[in-house]
1. For the chain, what is the calculated [θ] at 222 nm in deg cm²/dmol (nearest 500), taking -39500 (n - 2.57) for each run of four or more DSSP H residues and dividing by its residue count?
2. What does the highest-first list of 68-75, 1-8 look like by mean Cβ count within 10 Å?
3. What does DSSP give for the chain in terms of the percent of beta bridges that are antiparallel, rounded to the nearest 5?
4. Evaluate the charge dipole of the chain about its Cα centre and quote only its size in Debye, nearest 20, assuming +1 on the Cβ of each Lys and Arg and -1 on the Cβ of each Asp and Glu.
5. Take the Cα pairs of the chain, get the Kirkwood Rh, then feed it into Stokes-Einstein at 4 °C and 1.567 mPa s and tell me D in µm²/s.
6. Take the alpha-carbon positions of the range 1-44, form their convex hull, and give its projected area averaged over all directions (one quarter of the hull surface) in nm².
Amino acid sequence: MRYFAGAREAAGVAEETVQVAPALPNGAVLASDVVDAVLSSHGRRLAQVVAACSFLLNGVAVRDRGAEVAEGDELDVLPPFAGG
């Protein structure tokens, strides 16, 4: 899992490996399981940031936290960006 901007600040790390027991027959887990595991280890501050974040799974935007995540996949946490 990789964190960017405010998510990195809230997590206290730029990236980390997350171990989650497979929830699906093919050995994959749900993105929501990965996010829940991260939030349980980092606490409320990251939870507040993640509530407004979007996610990339292997570089592709995912809106469904029920998306399957396999071993070795990268899940990026992207806070909202402002520009001008």
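Nothing in this text is a laboratory measurement; each read-out follows from the coordinates by a stated rule. Note that the structure is a prediction, hence the values are computed from the model and not measured. Here Cβ is always computed from backbone atoms with ideal geometry, including for glycine, and neighbour counts include all displayed protein chains.
1. About -8000 deg cm²/dmol.
2. So the order, starting with the most tightly packed, is 1-8, 68-75.
3. Of all bridge pairs located within the chain, approximately 85 percent are antiparallel.
4. 360 debye
5. For the chosen part, D equals 100 µm²/s.
6. Averaging across all directions leaves 3.1 nm² for the Cα convex hull.
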